[in-house]
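Accompanying notes for the structure given below.
The values are calculated or read from the model by the stated rules, or taken from the named source; none is laboratory data. All values reported here derive from a predicted model rather than from experimental measurement. Here the Cβ is made from the backbone with ideal geometry for all residues, glycine too, and neighbour counts use every protein chain on show. What goes into the accessible areas is simple: the full protein's heavy atoms, side chains included, and nothing from ligands, DNA or RNA. Shrake-Rupley method; radii C 1.70, N 1.55, O 1.52, S 1.80 Å.
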Amino acid sequence: ILDSNMQISAVIMSLTMLLPACDAFVSPRSQPRPASQLLAEKSASMPFLPKPEGLEGYPGNVDFDPLGVSQWGIPVDYLREAELKHGRVCMLAITGFIATDIGFRLPGEQHNVPSYLAHDVAVKSGSMTFMFICIALIETVSFVSIQEMLAGSGRKPGDFGLDPLNLVKSQDKLDNMLLKEITHARLAMLAFSGLVTQAVLTENGFPYV
């Protein structure tokens with residue numbers, strides 16, 4: 001009986017010694033974490049999704065990246081450059097789209113069309129080819145700045161040193177203007193999509209109802 005008890009004790013001691021080794025194979029994710037840590041890792045704009053990494057420090061960051069684009073290996077600076085560029089184009093496009101439909105047009109019969117037909121007319125007249133060349137030249141020049149930024153020049157996304165009215169006089173003013181720009185840029189991208197859709201569906205001029 002004594003031998004049996006000693007054998008059982010030896011087995012228990014062996015199992016006890018193996019427990020730390022077994023714990024090493026348990027994923028840290030399976031261990032319970034404090035509620036505050038779980039909350040801190042959630043997206044500010046979409047609390048049911050994890051907080052995306054690498055977006056800190058960008059003006060207008062609300063942790064919105066449901067598709068995880070920032071984790072695809074594309075530099076976030078490049079993504080912000082593209083976002084600003086598309087937003088700026090849409091802000092100008094909305095102004096031009098509405099201005100054309102309320103009567104501000106160039107002389108000539110080819111320009112006497114509603115905005116939603118301008119693309120097809122420009123292609124037929126050859127104007128679109130000229131516009132394409134101009135855009136290609138602008139893109140070529142701006143690409144140099146983007147490459148320098150990605151190489152670590154310190155340039156901020158979308159910064160071309162353009163401030164003819166000297167609006168930025170302090171860092172606080174700059175931060176405020178950058179936040180306003182990206183907010184308006186995002187709104188313009190959504191608004192232009194709705195504007196064109198409404199114009200095509202109604203085939204009416206401004207206000208497209």
Run the numbers for residue 137 and residue 41: contour at 0.36 nm per residue of separation, minus the present Cα-Cα distance, in nm. 30.3 nm
At a probe radius of 1.4 Å, what is the per-residue accessible area of residue 180, in Å² to the nearest 10? 100 Å²
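On a full-extension model of 0.36 nm per residue, what is the gain between residue 168 and residue 112, subtracting their alpha-carbon distance, rounded to one decimal in nm? Write down the numbers at each step before the final one.
Values: separation 56, 0.36 × 56 = 20.16 nm, distance 3.98 nm.
Value of the extension gain: 16.2 nm.
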Where only alpha carbons of the stretch 60-107 are counted, the Rg and the Dmax (Å): 16.4, 49
If you take the Cα Rg of the stretch 68-194 and divide it by 2.2 N^0.38 Å, with N the number of residues, what do you get? 1.27
Counting only residues 5 or more places away or on other chains, whose amide H sits under 5 Å from the amide H of residue 42 once H atoms are built in the peptide plane? 51
Give a residue-ordered list of calculated ³J(HN,Hα) values for the stretch 100-109 (Karplus: 6.51 cos²θ - 1.76 cosθ + 1.60, θ = phi - 60°; whole Hz; x for Gly, Pro). 5, 6, 9, x, 8, 9, 6, x, x, 5
Sequence neighbours fewer than 8 away in the same chain don't count; with that in mind, list the aspartates and glutamates whose C-alpha is under 18 Å from residue 169. 159, 181
Leaving ligands, DNA and RNA out of it, work out the accessible area of residue 56 with a 1.4 Å probe and give it in Å² to the nearest 10. 100 Å²
Sorting 111, 79, 67 by the position of each Cα along the dipole of the stretch 41-112 (Lys, Arg +1; Asp, Glu -1; all at Cβ), the one nearest the positive end of that ordering is 111
